[in-house]
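Report on one structure; see the data block that follows.
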Amino acid sequence: MAENPGEPAPRGGETPETPRGFGRRHLQVLLLFLAIAMAYGIRINLSVALVSMTNEKRHDAYQVYDWAQSTRGTVLSSFFWGYSVMQVPGSMLVQRYGPRRFLLASIAGCSVLAILTPYAVSLGGVAVLITIRVAQGLLSGLVFPSSHNMLGRWTPPLERPRFTSMVYGGMSMGTVAAMAGAGLLCSSQLGWPSAFYVPGVMGLLWCILWFFLSADTPRQCKGITPEELAYIERSLGTSAISSKCVAKVPWKAILTSPPALSLLAVHCGQNFGHWMLLTEMPNFMKTELHFDIKKDGLFSALPYISLWLATFVVGWTAQRVNESGLLSLTASRKVFNSLAHWGSGLALLLLALTNPGPYGAVAMLTVAVTLESCIFAGFYVSHMDLSPNFGGALMGLSNGCGSVMGILAPLVVGVILGEKSEEEIVETWSRVFILTASTYFAGNLVYVLLCKAEVQPWNEPADKGQHEGKGEEGEDLQGATLPVDERDARPKKRWSWLCGR
């Protein structure tokens, strides 16, 4: 490995030596993991807190709100009104100006709004709560584009699968913390407002760490060693992207490509099921299983602990299957995704059609949620299979469409549940689970029939000399490293004081 960290990355097949010890790239991955966990904690805490906020049998000094089931469904879905709108614009902003400041703004804004929620709701009621959730959704729409972009800039290709699974393990960890933590806080003397205060304060503490320890690119990071900088830049130089030029996204070709359209369908099915379970599980455990708020939070968190652990098992298993050649790559993607969606759908059907009792219901919900881990070896990687050059844009499109399901799921559940008696509630929840299973089955069927693990013709730009622009510190929109002299020659931007340390 060259001792000069400013030496341009090689374009051949050389594999640089990995520096030993805990490096700055590991620190960025840890901070990103915490960012995802913070974002999910702030996003999900309302699902548990809302049960306490509307519980008339609660005996404490905190205000109770008499909101109908349909109103609660609207509140839970309102986050996605902003979130779905921001997906594609957020990706474009992050690619153009760099991820660091946008991730900071996202977590800081969501944290402040979380802290203000109890007071604001006491003044303005449900309308103010919905407004806050829409604003948090808009800000949270920057989290995933920023995280993807940071991973592309900081993680060498050989380390990327491991680092990516670690970062997005924050989704499950944040969910577990929100479900269990919010339940414990709501049942404590601090009451339901503390379920907003605590994650808000923790998010602001993360922002302080991020401001001082993060950087948009390795070259901007003052604390990185010359050896680690050279290793990252050389590794990115050998990244297998078919074209380093950044052309206009071929939207027309994408929207007329059956494999690409299958990703929209399967992402919609995934998000309907995922967000129905995530937002409505506390409500189900209260209304049908009759758990108290503390037990409700703990049991709601259990499936996501299992999901987090299963993610590592699935990643290892999929790698072994793919390396062995036991299945073609296309078959492997479809098998794992079918385990996720058809397996989860079957578990929900059994829950709907049988009477397993409270703990049996928790077990079936745990199986349904745990099997979701298989999507990380299924359709979640199909975007890059179809188009290494435009996989990010394709992910933004499918995630934007899927986010609409996050709006619909709580609304649909609110309409189905309505104002039912205790005798009617069991049959009503069965309808909810049957509908959710149907979305899993339908979305995956489209994916199995149409998707491939093959690079599509529209991956290659029609005019490779047609550039859209570069990221602000010499990164193209795919995260490839430019020669050093081009990086250093670029003028500093107006926001350079906030771009990295």
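The values are calculated or read from the model by the stated rules, or taken from the named source; none is laboratory data. What you see is a predicted model, and the numbers here were worked out from it, not measured in a lab. Cβ sites come from the backbone with ideal geometry, for glycine too, and all protein chains shown count toward neighbours. Quick note on the areas: whole protein, heavy atoms, side chains included, nothing else; ligands and nucleic acids left out. Shrake-Rupley method; radii C 1.70, N 1.55, O 1.52, S 1.80 Å.
The table below gives the values:
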quantity	calculated
So residue 11, is it at pLDDT below 85, among the basic types (Lys, Arg) and touching a helix residue (DSSP H, G or I) at 6+ places or on another chain (Cβ under 7 Å)	yes
Qualifying residue in region 138-145 (condition: out of contact with any Pro (no Cβ under 7 Å at 6 or more places or on another chain), under 28 Å from residue 66 (Cα atoms) and in contact (Cβ under 8 Å) with a residue 40 or more places away in the chain)	yes
Residue satisfying condition, being part of a helix (DSSP H, G or I), open to solvent by 20 Å² or more (accessible area, probe 1.4 Å), assigned by the TED database to the domain that holds residue 42 and in contact with a Cys (Cβ under 8 Å, 6 or more places away or on another chain), within set 205, 139	139
Unmet requirement for residue 150, which otherwise passes all of (1) touching a residue at least 60 places away in the same chain (Cβ under 8 Å); (2) farther than 27 Å from residue 20 by Cβ; (3) among the aliphatic types (A, V, I, L, M)	(2)
Residues being among the aromatic types (Phe, Trp, Tyr) and open to solvent by less than 10 Å² (accessible area, probe 1.4 Å) - total across region 35-82	2
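So that you can scan it fast, the table gives a plain yes or no per residue for (1) within 25 Å of residue 121 (Cα to Cα); (2) at pLDDT 90 or above:
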| residue | (1), (2) |
| --- | --- |
| 144 | no, no |
| 168 | no, no |
| 200 | yes, yes |
| 212 | no, yes |
| 231 | no, no |
